[in-house]
Structures are given as C-alpha cells and as structure tokens.
Amino acid sequence: MEDRVGKTAGDIWHYLKKHGDSPTLKVRMELDLTQSQFYLAVGWLLREGNVQLRRDDQGFRISLKQSVAP
C-alpha cells in the first residue's frame, strides 16, 4: 500500500511540475484517481513539504512549493 501511495504522490508531483497550480478535482480526474488515492498521496506530499493547498471559490487548488527541487 505504501508503495502505491508513494507512486501516486510522484504522479501528482510530476503533473504539478508540468501544469502548475491546479484545482484538486482537475488533477484527480486527469490522473484517474479515486478520492482516497488522491488525498492519501496529497497527505504524503504535504507531510514532506512538497506541496501547498489553498481554498478558492471552487474548492481547493494545489501547487508545488517553490523550494522543491526536481
């Protein structure tokens, strides 16, 4: 399970690297992830300090933190 969450976190990280700041729902749908898969991986990325979440009018947006190296 941990390996799968880590791979999904990597997929999200690469998506954000390519597309930049994005609505969480868009990322989840484009990567074809369940809500559980998505938020487990986002939790992983948040814990490592790789991403930030912010609320907007539509829900939440996710982006890489500026200090993250490739």
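From the residues in the range 49-58 that are loosely packed, with under 11 Cβ neighbours inside 10 Å and not acidic (D, E), which one is modelled with the lowest pLDDT?
In this case the residue turns out to be Q58.
Out of the residues in the range 28-48 that are farther than 14 Å from G6 by Cα and not polar (S, T, N, Q), which is surrounded by the fewest Cβ atoms within 10 Å (Cβ to Cβ)?
D32
Based on what the data block shows, is L53 free of Cβ contacts under 8 Å to residues at least 40 places away in the same chain and in a strand (DSSP E or B)?
Answer is yes for this residue.
Find the residue count for the range 15-27, including only residues that are closer than 16 Å to V5 by Cβ and either of a type outside the set (S, T, Y) or modelled with pLDDT under 95 (or both).
Applying the first criterion (closer than 16 Å to V5 by Cβ) to the range 15-27 yields 15, 27.
Filter again for either of a type outside the set (S, T, Y) or modelled with pLDDT under 95 (or both), leaving 27.
Residues flagged as closer than 16 Å to V5 by Cβ and either of a type outside the set (S, T, Y) or modelled with pLDDT under 95 (or both) within the range 15-27 amount to 1.
Just give me the residues in the range 15-63 being under 8 Å from the mean Cα position of the chain (by Cα) and among the aliphatic types (A, V, I, L, M), in sequence order.
The answer is L16, V27, A41, V42, L45, V51, I62.
Taking the options F60, F38, name whichever one is in a helix (DSSP H, G or I) and of a type in the set (F, W, Y).
That would be F38, the only listed residue that is in a helix (DSSP H, G or I) and of a type in the set (F, W, Y).
I'm checking my understanding of the structure. Among residues of the range 1-27 that are small (G, A, S), touching a helix residue (DSSP H, G or I) at 6+ places or on another chain (Cβ under 8 Å) and part of a helix (DSSP H, G or I), which one is surrounded by the fewest Cβ atoms within 10 Å (Cβ to Cβ)?
Only one residue tops the list, namely G6.
The values are calculated or read from the model by the stated rules, or taken from the named source; none is laboratory data. As the structure is a computational prediction, the values presented were derived from the model and not from experiment. Quick reminder, even Gly has a Cβ in these numbers, built from the backbone with ideal geometry, and neighbours come from all protein chains shown.
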